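A quick write-up on the structure given underneath.
Bear in mind these aren't lab numbers, they're just calculated from the coordinates by the rules spelled out. Every value quoted in this text rests on a predicted model; they were computed, and no experiment measured them. Methodologically, a virtual Cβ is constructed for each residue, glycine included, from the backbone with ideal geometry; neighbour enumeration extends over all protein chains shown.
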Amino acid sequence: MTLLSGPPNILPSTAKIGQNLSCTVKQTNKKRTIPVIVRVSDINDNKPKFVNTPYETTVPELTPVGSTIFKNVVAMDADAGVNGIVEYSIAPGDGTGIGNNDGVGRNRITTADGYGYFSINLPHQGQVTVNRTLDFERTQRYLVTIFASVSR
Ligand SMILES: [Ca+2]
Ligand SMILES: [Ca+2]
């Protein structure tokens, strides 16, 4: 007895010795295509990145508390949906550059941490407002540390 192997869509039938082999096409072996949709979901794998830095502005002393003095803080996050929503806040600095006195006499520049003196009242908007009265004779420059985090 010999088994006949044909093309994939032709199955050998049973054969007895002395009979001719016959092959039948398997009726159900039609090709079908089934669409499979694979959705890729976003993972929060991007950190916000500040753009158009460094930020710098000049504000007169005695600017009323609550005044917005800077509106251009922007951090971009490449993630989608809630993973890409950024919240801003002002944090204490690490002390770098604080207490430096540059220049002498009337030209001296004293630098202080802006934490407490400035605030971001609307977390989703990078707008810096004055939180305490500023006194030029005491402090001429503030370093403000802004923190951008994912809204969660
Ligand atoms: Ca992502
Ligand atoms: Ca993100």
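Among the residues of segment 89-130, those that are under 21 Å from P48 (Cα atoms) and of a type in the set (S, T, N, Q) comprise S89, S119, N121, Q125, Q127. The set of residues in segment 93-118 that are part of a loop (DSSP other than H, G, I, E, B) and over 15 Å from D135 (Cα atoms) comprises G93, D94, G95, T96, G97, I98, G99, N100, G103, V104.
Restricting attention to segment 103-152, the residues that are surrounded by 11 or more Cβ atoms within 10 Å (Cβ to Cβ) and touching a helix residue (DSSP H, G or I) at 6+ places or on another chain (Cβ under 9 Å) total 2.
Can you name every residue in segment 65-85 that is within 19 Å of T53 (Cα to Cα), small (G, A, S) and surrounded by fewer than 13 Cβ atoms within 10 Å (Cβ to Cβ)?
Correct list: A78 only.
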